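Peer 1: Would you mind keeping the following structure in view while I ask a few things?
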Amino acid sequence: MKRMMAYCGLLCHKCPIFIVTKTNDRKEKQRLAKIFSMPGRTLTLDEIECYECKQIGKKILKGCDMCEMRLCAIKKKVDNCGQCKKYPCARLDFHLTRLWQSGARERLDRIYKKHNNR
C-alpha cells in the first residue's frame, strides 16, 4: 500500500478508517462508527469511509472535509503543515495533542527542517 500522509502528519495507511475503506469490513465499520462518533455527531456506516484528505472529489471522513489544518494547507498550497512558513501554529499544536497516532509532530518537524534548510 502506498504511504500517504495527511496535512497534519498522520499516516493514512495506519488509519483504521482508511484501512476499512479498502477492506469494506462491515463489522469493523460498525465498531469504528461507535469509536469515532461523538456527542452531537453520530457516524453512520456510510460515513466510515475515507480515501485520504488530500483527494479532491473523493469521500473523506465526515468532519475532515472542514478540518482547519486541511483547509489552511489547501489555501496555502502546501503538501503538509511542515511546509508552512508559520509552522507550528496554535491550531496545529492543539490538534497534535489530540491525535491517536503517534509520530505526526516528528514527521512534520523533519519536513519543516528540510524545507527550510535548518
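Peer 1: Which entries in the list Lys34/Lys114; Lys77/Lys113; Lys22/Lys85 go over 28 Å, if you measure between the two C-alpha atoms of each?
Peer 2: Lys34/Lys114; Lys22/Lys85
Peer 1: Place a label point 7 angstrom from the Cα of Asp79 along the Cα-to-Cβ direction, then list the residues of region 88-118 whose backbone nitrogen is under 16 Å away.
Peer 2: Zone members listed by number: 107-117.
Peer 1: If you don't mind, another one. Full extension from Lys59 to Lys22: what is 0.36 nm times the residue separation minus their Cα-Cα distance, to one decimal in nm? Kindly include the intermediate steps, with their values, before the conclusion.
Peer 2: Values: separation 37, 0.36 × 37 = 13.32 nm, distance 1.24 nm.
So the chain would gain 12.1 nm between Lys59 and Lys22.
Peer 1: Say the dipole of the chain comes from +1 at the beta carbon of Lys and Arg and -1 at that of Asp and Glu; which of Ala33, Asn116, Leu61 then lies farthest toward its positive end?
Peer 2: Positive-end residue among those listed: Asn116.
Peer 1: I've got another one for you. Just subtract the alpha-carbon distance of Arg31 and Met66 from 0.36 nm times their residue separation and send over the number in nm, one decimal. Don't skip to the end; give the middle numbers.
Peer 2: Values: separation 35, 0.36 × 35 = 12.60 nm, distance 2.36 nm.
The span from Arg31 to Met66 would gain 10.2 nm if fully extended.
Peer 1: Could I ask something else about it? Treating the beta-carbon of each Lys and Arg as +1 and of each Asp and Glu as -1, no other charges, what is the dipole magnitude of the chain about its Cα centre, to the nearest 20 debye?
Peer 2: Here the size comes out at about 380 debye.
Peer 1: Then there's this: Assuming R0 = 30 Å, can you tell me the calculated FRET efficiency for the pair Thr42 and Arg91, based on Cβ-Cβ distance, to the nearest 0.05?
Peer 2: In this case the efficiency is close to 0.70.
Peer 1: Continuing with the same structure: For region 12-115, I need the span (max minus min coordinate) of the C-alpha atoms along each principal axis, in Å, sorted largest to smallest.
Peer 2: 42, 27, 24
Any read-out appearing in this document is the output of simple, stated calculations on the displayed coordinates, not a laboratory observation. Fair warning: this is a prediction, and the values are worked out from it, not measured in the lab. As a convention, Cβ positions derive from the backbone with ideal geometry for all residues, glycine included, and neighbour counts pool all protein chains shown.
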